[in-house]
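To start, the structure under review is shown below, and the notes come after it.
Nothing in this text is a laboratory measurement; each read-out follows from the coordinates by a stated rule. It should be emphasised that the depicted structure is a prediction, and the values quoted were computed from it without experimental measurement. Because the Cβ atoms are built from the backbone with ideal geometry, glycine has one as well, and the counts that use them run over all protein chains shown.
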Amino acid sequence: MEFKRFLVNKLILFFMLSTLITVAIVLIGSAFDPEAQFGYKDMPVPIEYAALCMLPTFVTWSKRELSPKVLLVRKAIMLVLIEGVILFIAFMSDVIDTSRIGVVLAIAGSVLVIFVLANLFVWLKDAAEAKKLNRELEAFQKLHG
Amino acid sequence: MNVRIEQVEKEREELVLIRCHAVTDEVREIASFIKSRAGTLSGTSDAKQYEIPVTDVCYIESVDGKTFLYTRNRVYETAYRIYELEELLKPKHFLRIAKPMLVNLMKIKSIQPAFNGRFTATLSSGEKIIISRNYVKALKAALKGE
């Protein structure tokens, strides 16, 4: 894959993650700390988290075409790294109460859910494209067969 | 080498005759090109030379500088380079789908999504090959006849 194209895809993923992380913060915050107050300095937090989550995604970069199996393994490594990054931030943070196991599990779970959702959106987009390609292929083969 | 083209009546068989002092690589290359235009490709399998109908080839792959032709149940090595075959077989509905690979569009049974915006093509032989995302745009254009 071209590196430029790879970066464009990562940018799309970055915006998708920013949105999903915002949703996750709202859901986890409402469940564990509904009275919390936020200021302007807290607003970039989802963007910062999304940017940090982007770093492990570079493990899927390869100049050569990766086989589906290798890509699956690299994606699994990427998930483990993202979990590590997010949990590290959580444990370093003063505002996140990591002494409560429920909070830690909710954060780890939300990372997994976001990861699955982000990949699911991409898969659904590709599945729709594959459906269209199959229709066009059928028409092409009828015309030239 | 002089080149002479002679038109014949429809009743007579078309023939390309190469009159040469020695059968050199250059002569073989010309013969191979003519055969490919006529719808066959020269290939070797188990040290034997074969003329493979282009319509039987499912896909072509370049591995470590060697080019292989894959039919439903056999693999042949050919002297052609992948870029030569790409040009040569364009009118025969072959398309590049990855850097080292050409596919016969008439042999694709279905296309499924793979990870990261790539696709998997299932061929009529049952084999599955990856369509690189860099070539998806070209595939779409080819299917639309562009």
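Can you pull the Kirkwood radius for chain B, inverse mean 1/r over Cα pairs, to one decimal in Å?
For chain B, the Kirkwood estimate is 16.9 Å.
Find out how many positive minus negative residues lie around A:Ala118, taking Lys and Arg as positive, Asp and Glu as negative, among other residues whose Cβ is under 12 Å from that of A:Ala118.
+3
Work out, in µm²/s and without decimals, the Stokes-Einstein translational diffusion coefficient of the protein assembly as shown at 37 °C, 0.692 mPa s, Rh from Kirkwood over C-alpha pairs.
The Stokes-Einstein estimate is 142 µm²/s.
Would you grab the residues whose amide H sits under 5 Å from the one on B:Thr67? Only those 5+ places off in sequence or on another chain, please, with H modelled 1.01 Å from N.
Under 5 Å from the amide H of B:Thr67 lie the amide H atoms of B:Thr78, each far enough along the sequence or on another chain.
Determine the dipole magnitude for the protein assembly as shown: charges of +1 sit on the beta-carbon of Lys and Arg, -1 on that of Asp and Glu, nothing else is charged, the reference point is the Cα centre, and the result goes in debye to the nearest 20.
Roughly 520 debye, rounded to the nearest 20.
Ranked by Cβ crowding within 10 angstrom, fewest neighbours first, how are A:Met43, B:Met106 ordered?
Sorted ascending by nearby Cβ count, the order is A:Met43, B:Met106.
Counting only residues 5 or more places away or on other chains, whose amide H sits under 5 Å from the amide H of B:Arg72 once H atoms are built in the peptide plane?
Close amide H contacts, sequence-distant or interchain: B:Cys58.
With 10 angstrom as the radius, rank B:Glu13, B:Glu127 by how many other C-beta atoms surround their C-beta, starting from the fewest.
The most exposed by this proxy come first: B:Glu13, B:Glu127.
Taking the simple approach of a point 7 Å from Cα along Cα-to-Cβ for both A:Leu81 and A:Arg135, what is their distance in nm?
3.8
Could you work out the mean count of beta carbons from other protein chains within 10 Å of each residue's beta carbon in A:121-132?
Across A:121-132, the average partner-chain Cβ count within 10 Å equals 4.
According to a simple spin-label model (label point 7 Å from Cα along Cα-to-Cβ), what is the distance in nm between A:Tyr40 and B:Arg4?
According to this spin-label approximation, the distance is 9.1 nm.
Using a Förster distance of 30 angstrom, determine the FRET efficiency expected from the C-beta separation of B:Val23 and B:Glu84, and round it to 0.05.
0.90
Using only the Cα atoms of chain A, what do you get for the radius of gyration and for Dmax, in Å?
19.1, 68
Given the rule -39500 (n - 2.57) for each run of at least 4 DSSP H residues, summed and divided by the residues of chain B, what is its mean residue ellipticity at 222 nm, to the nearest 500 deg cm²/dmol?
Counting only the DSSP helices, I get -5500 deg cm²/dmol.
Within chain A, how many Lys pairs that are eight or more residues apart, or on different chains, come under 27 Å at the alpha-carbon?
Total qualifying Lys-Lys pairs in chain A comes to 24.
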